[in-house]
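Below: the structure, in structure tokens.
The values are calculated or read from the model by the stated rules, or taken from the named source; none is laboratory data. The shown structure was predicted, so the numbers you read here are calculated from the model rather than taken from an experiment. A quick note on method: Cβ atoms are made from the backbone with ideal geometry, for glycine too, and the neighbour counts reach across all protein chains shown. Accessible surface is based on the protein model in full, side chains and every heavy atom, while ligands, DNA and RNA are left aside. Shrake-Rupley method; radii C 1.70, N 1.55, O 1.52, S 1.80 Å.
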Amino acid sequence: MSQPTGSDPRLEARNKRLALICGGIFVGMVGAAFAAVPLYQAFCQATGFAGTARRAFAPPSTISARTVTVAFDTNVRGLAWTFTPNVPSQVAHLGESKLAFFKVTNTSDAPLTGRAVYNVTPASAGYFFSKLECFCFKNQTLAPHQTAEFPVVYYVDPRFGLDDDTRAVSEITLSYTFFPAPKPKAAG
């Protein structure tokens, strides 16, 4: 019994279709991997998931009589910087825009660029904590031995006092950590 010498056109068509499907799945998976981090960050900022403060563009129109203490925590990892809040905490009425300043000093003999990441605790408060302006939205470069003050404009949504998970919370901690900023990729 002999094997046919020609190829089956139906088998070739199925193999090509299978190869295209596998290639499409591969491209989709690679695209999903690259999109995962920015999509997750956008999701966290939109929902306050995992204690991520939301970015806002306007303060609420109502201010509550209820107050909450906002404590500030500052940390530095991998940079020769000192980083402190000008005040350790502020008392804020729910819905009231507040301004806080943070002092950062580059203690090295070289210019350094850092980026701050932030978190809000308790995590249930993240949905209600919004920033109108923050140094954490972009990289910060300090010259050798330079000191700078960075502002944050924020508010706690008045609905914070009505939510079952946050009604009894009297203190929120806004925590920042400065890390070295990723180096830009060289064009090439």
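Tabulated data
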read-out	value
Residue in the range 27-44 that is in contact with a Pro (Cβ under 8 Å, 6 or more places away or on another chain), modelled with pLDDT under 65 and in a helix (DSSP H, G or I) present	no
Residue that is least open to solvent (accessible area, probe 1.4 Å), among those in the range 98-132 that are modelled with pLDDT of 95 or more and in a loop (DSSP other than H, G, I, E, B)	Ser108
Residue match in the range 162-183 (condition: within 19 Å of Phe72 (Cα to Cα), in contact with a Cys (Cβ under 9 Å, 6 or more places away or on another chain) and open to solvent by 50 Å² or more (accessible area, probe 1.4 Å))	no
Meets criteria (within 30 Å of Ala168 (Cα to Cα), of a type in the set (Val, Ile, Thr) and open to solvent by 20 Å² or more (accessible area, probe 1.4 Å)) for Val68	no
Count of the range 147-161 residues which are open to solvent by 70 Å² or more (accessible area, probe 1.4 Å) and in a loop (DSSP other than H, G, I, E, B)	0
Within the range 7-21, tally of residues that are modelled with pLDDT under 85 and small (Gly, Ala, Ser)	1
Pro59 being more than 19 Å from the chain's Cα centre (by Cα) and either surrounded by 12 or more Cβ atoms within 10 Å (Cβ to Cβ) or modelled with pLDDT of 85 or more (or both)	yes
